[in-house]
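Below is one structure, written out as C-alpha cells; comments come after it.
The values are calculated or read from the model by the stated rules, or taken from the named source; none is laboratory data. Quantities reported herein were computed from a predicted structural model and do not represent experimental measurements. For neighbour counting, all protein chains shown are included, and Cβ atoms are generated from backbone atoms with ideal geometry for every residue, glycine included.
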Amino acid sequence: MRAYAIRRFLLIIPTVVIITGLLFLVLRLIPGDVVTMIAASRTWQQELGTTEAVSTDEIRHAFGLDKPWYIQYRDWVGGFFKGDFGTSLWTGVTLTDELKTRLPVTLELSVMSLIIGLVSSVPLGIYSAIRQDTLLDYTGRTISIFLLAVPNFWIATAVVAYPVVFWHRSIVPIEYIAFAKNPLGNLWQFFVISFIMGAFTSGGTVRITRTMMLEVLRQDYIRTAWSKGLSEKLVVFRHAVKNTLIPVVTIIGGMIPGLFGGAVIMEQIFNLPGLGRYFLTAVTQRDYLIISGWNFLMSVFILIFIVLTDLAYAYVDPRIRYK
C-alpha cells in the first residue's frame, strides 16, 4: 500500500503541470482583455497624472504580457520557488499575501460546513434505513429531497432579507466579525452560514447513506449476525456501518473541494472577506495570474483529496488491498 500511495502522489506532479498549463493558455483565449480594462481605469490615470487613457502597449510590456504564453507560464512557475503563486495585475499584491488573511475565513467556513453536513446526514441516513417506512424515515427522506431541490443561495438570501423586512433586524451580521475581536459573534455568524451550506450538501449524503445501508442490511452475513442473537447495536455499528461508508467516503472526498467552491456564493451574500469572493473578483477583472494561482492551489488540493479518498477505502473495508 505504501508503494501505491507513493506512485499516486508522484502522479499528482505531471497532472498539475498539464492542468495549470491548459488553464494558463485558456485564460488568454476568453473574451475580454485585462490590459484594456486597466488602461481605462482611473487608478492608472491618477498615478501617471493624466486624464487620458494609458497606452495598452506600455501596460502589456510592464506586466510582461507581450511575451509568448509559454514564456509567461515559465516565469509564473518560477515564482513558486520564491513562494509567489501570482501577483495581482490590479493591486500588485501577491496571492500568497492574500492567502494569509483570506484563507482562515474560507477554511473556517468550509470546516464548519463539513462537520455540520456529516453530523446531520450520516446518522439520519443510517437511522432512516434501520427504521424503514416509519414516520422518521418518511420525514428524513422528505427533508433530503427538499435540501436537494431548493438552492442554498436562495435560502441564504432569504435569511438575510426576510428578518430585515418583517422584524427590522438582521439575524446574521453582514459585516465580517473577526474571531480575535469577538469570538462568540464570529462563531454565531459562521454557524448560521455553515449550517446553510452544510445542511444543503447533506441532502444527497442522507439518500446515499440510507440506500447503501438498506442494501447492506439485506446481505447474508447480516442475517447470520441476527440469527446469532446479536443486539441491534452490534449488528448495525460493528457489521453494517463500515460497508455502508464506502460510497459515503467517496461523496465526502468530493464534498470537501466542493465546499471551497460553494464558499464563493456564501462569501458574496454575507460579505465575507474570503478566498471565494476574492477569486470571483479576480475572474471579473480578468486578473490572469491570480486566477492561475488559485487554480493551481485548488488542483493540488483536489488531487490530494482524491488520493486520500482512495486510500481511505482500505481502512473502511479490510477486503480492499492496494498493490
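Points worth noting:
- Residue list for the range 296-319, restricted to those being at pLDDT 80 or above and either in contact with a strand residue (DSSP E or B) (Cβ under 7 Å, 6 or more places away or on another chain) or of a type in the set (Gly, Ala, Ser) (or both): Ser299
- Among (1) over 15 Å from the mean Cα position of the chain (by Cα); (2) surrounded by 13 or more Cβ atoms within 10 Å (Cβ to Cβ); (3) within 24 Å of Ile269 (Cα to Cα); (4) modelled with pLDDT of 85 or more, the one test that Leu148 misses: (4)
- Subset of the range 71-100 that is of a type outside the set (A, V, I, L, M, F, W, C) and touching a residue at least 40 places away in the same chain (Cβ under 8 Å) - its residue that is nearest to Thr36 (Cα to Cα): Ser88
- Condition broken by Thr91, with the remaining ones in (1) surrounded by 13 or more Cβ atoms within 10 Å (Cβ to Cβ); (2) polar (S, T, N, Q); (3) part of a helix (DSSP H, G or I) satisfied: (3)
- Where a residue in the range 148-160 is within 16 Å of Gly198 (Cβ to Cβ) and its partner, wherever it lies, is surrounded by 14 or more Cβ atoms within 10 Å (Cβ to Cβ) and of a type in the set (Phe, Trp, Tyr), with Cβ under 7 Å and at least six apart: Asn152/Phe200
- Within the range 60-97, the residues that satisfy the criterion of being under 22 Å from the mean Cα position of the chain (by Cα) and either small (Gly, Ala, Ser) or more than 24 Å from Val17 (Cβ to Cβ) (or both) are Gly86, Asp97.
- For the criterion of being more than 22 Å from the chain's Cα centre (by Cα) and assigned to a loop (DSSP other than H, G, I, E, B), Pro163 fails.
- Among the residues of the range 18-38, those identified as touching a helix residue (DSSP H, G or I) at 6+ places or on another chain (Cβ under 8 Å) and in a helix (DSSP H, G or I) are Ile19, Thr20, Gly21, Leu23, Phe24, Leu25, Leu27, Val34, Val35, Thr36, Ile38.
- Thr106 meets the conditions (1) polar (S, T, N, Q); (2) closer than 29 Å to Asp287 by Cβ; (3) out of contact with any Phe, Trp or Tyr (no Cβ under 9 Å at 6 or more places or on another chain) in every case but one. The failed one is (3).
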